[in-house]
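Down below is the structure, laid out as structure tokens.
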Amino acid sequence: MPLLGHGLIGAGVAAATQRDVGASKLAGAWPGLCVLLAYGPDLLEWPVIAAGLPLVHGAPASLLVSAAAGLGIFAVWRTFGGRSWMLLWAALAAWMSHPLFDALSGGVPLLWPWSLALIGADYLGVDSGTHMERLVLELRWFLPVVMAGALVAICRVTRSRRRAWAAGASFLLGLIGAAVGSVAVLAVAAAALILIAGWSLGLPRVRTVAMTGVVLMPLLALGAAEAYAYQHLSAADAYYRAGQWRQALAAYDEARRFRPVAGTAPSLYLSALCHRRLGEIEAARALYEDCLRRFPGHTTAAFGLALLCLHEKDPAYHDPRRAIALMEEAIAAARSPEQRAAYQRVLDDARRAVADEH
Ligand SMILES: [Zn+2]
């Protein structure tokens, strides 16, 4: 799942359609609303899991929930949106961009509740790699979307051909920067486009800025929960590397305190690893199972549980058949050749273990 990308898409949709808002009641809230809708499924998931209800991760991005959200958007549009069909399409596009880009960056249970299978894969590459690599990739994929929105906004408002051409050239430069992977070129192009937009559209009204802040409150709260989780995950990783399993466990627990949407899975399977190191196998297994229940198809959790089933000699936990099932599924969903090879090794060991039983 992209972290920044959804917001950049929402901002792009808002920029391209701000002119259609006109004097409707949505005017001041439009930019904030578009960004909020682009994060809609995650914002819906957060209070549900925070309330302790068993919800599969990504379920609010399913087709069923998206259809219900579409009806809600339609109702709000009928009440506040004036007569502009463009606003309705824009709001629906902002919501639907979320399942689409989640599917392109890891997969999403589109057919929930009928099937928990993740549909899609990490085609964009933003769901693997370090945080820095992620950030750069997300900017490369999604900054051009905001820039396209700004270009549309400028072309719809300005009467100066020269400004429209300059905006087009900046956008093109941004695309080239994104394509060759140069964040510097992308940043220069974005800055140029912001300048031209400021020139053509004027500064945003104070009321719009204030309204945007108010509308985005839930998103800022979720962002704070994720940042809190990230901070404690990093601290826990340091304890883990130092072999201080108890301290690591406390920090992983703390990472889950505000029930983050993105930070929960790593804190669960890494806690399981700590428990295994401490010899607390029952606790480790329970956490792996919990992680797989909430995040079906989570290959890292499946890998950890398969290793546990394979290597624990206690008959209460030794279950090479389970390891085989877990690894067959994980190999199909592996993100890299290295991952696939690691899962394959465990699968081969588990098959050998089953053969030895006979
Ligand atoms: Zn999502």
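Quick one: what pairs do we get from region 80-105, first residue among the charged types (D, E, K, R), second within 16 Å of the ligand (Cβ to nearest atom), C-beta under 6 Å, 6+ apart or different chains? Cβ pairs passing all conditions: D102/M1; D102/A61; D102/V108. If you filter region 85-116 down to residues that are in contact with a Gly (Cβ under 7 Å, 6 or more places away or on another chain) and of a type in the set (A, V, I, L, M), you find that the one that is nearest to the ligand (Cβ to nearest atom) is V108.
Restricted to region 13-40, and to residues there that are in a loop (DSSP other than H, G, I, E, B) and not hydroxyl-bearing (S, T, Y), the residue that is surrounded by the most Cβ atoms within 10 Å (Cβ to Cβ) is L26.
Do we have any residue at all in region 85-108 that's of a type in the set (V, I, T) and part of a helix (DSSP H, G or I)? So far as region 85-108 goes, no, none of its residues is of a type in the set (V, I, T) and part of a helix (DSSP H, G or I). Of the residues examined, S84 is one that is surrounded by fewer than 18 Cβ atoms within 10 Å (Cβ to Cβ) and closer than 17 Å to V13 by Cβ.
Taking the criterion of being within 12 Å of the ligand (Cβ to nearest atom) and touching a Cys at 6+ places or on another chain (Cβ under 7 Å), no residue of region 4-56 qualifies. Per the listing L64, L4, L8, L43, the residue uniquely of a type outside the set (G, A, S), surrounded by 20 or more Cβ atoms within 10 Å (Cβ to Cβ) and touching a residue at least 24 places away in the same chain (Cβ under 8 Å) is L8. Being of a type in the set (S, T, Y), surrounded by fewer than 21 Cβ atoms within 10 Å (Cβ to Cβ), free of Cβ contacts under 8 Å to residues at least 60 places away in the same chain and closer than 30 Å to G125 by Cα holds for only one residue in S200, S182, and it is S182. Taken as a whole, the condition of being modelled with pLDDT of 95 or more and touching a Ser or Thr at 6+ places or on another chain (Cβ under 9 Å) does not apply to G70. Scanning region 117-127 for residues that are away from the ligand (no atom under 16 Å from the Cβ) and part of a loop (DSSP other than H, G, I, E, B) turns up at least one hit.
The values are calculated or read from the model by the stated rules, or taken from the named source; none is laboratory data. The structure displayed is predicted, hence computed values, not measured ones. Don't worry about glycine lacking a Cβ; one is built from the backbone with ideal geometry, like all the others, and counts go over all protein chains shown.
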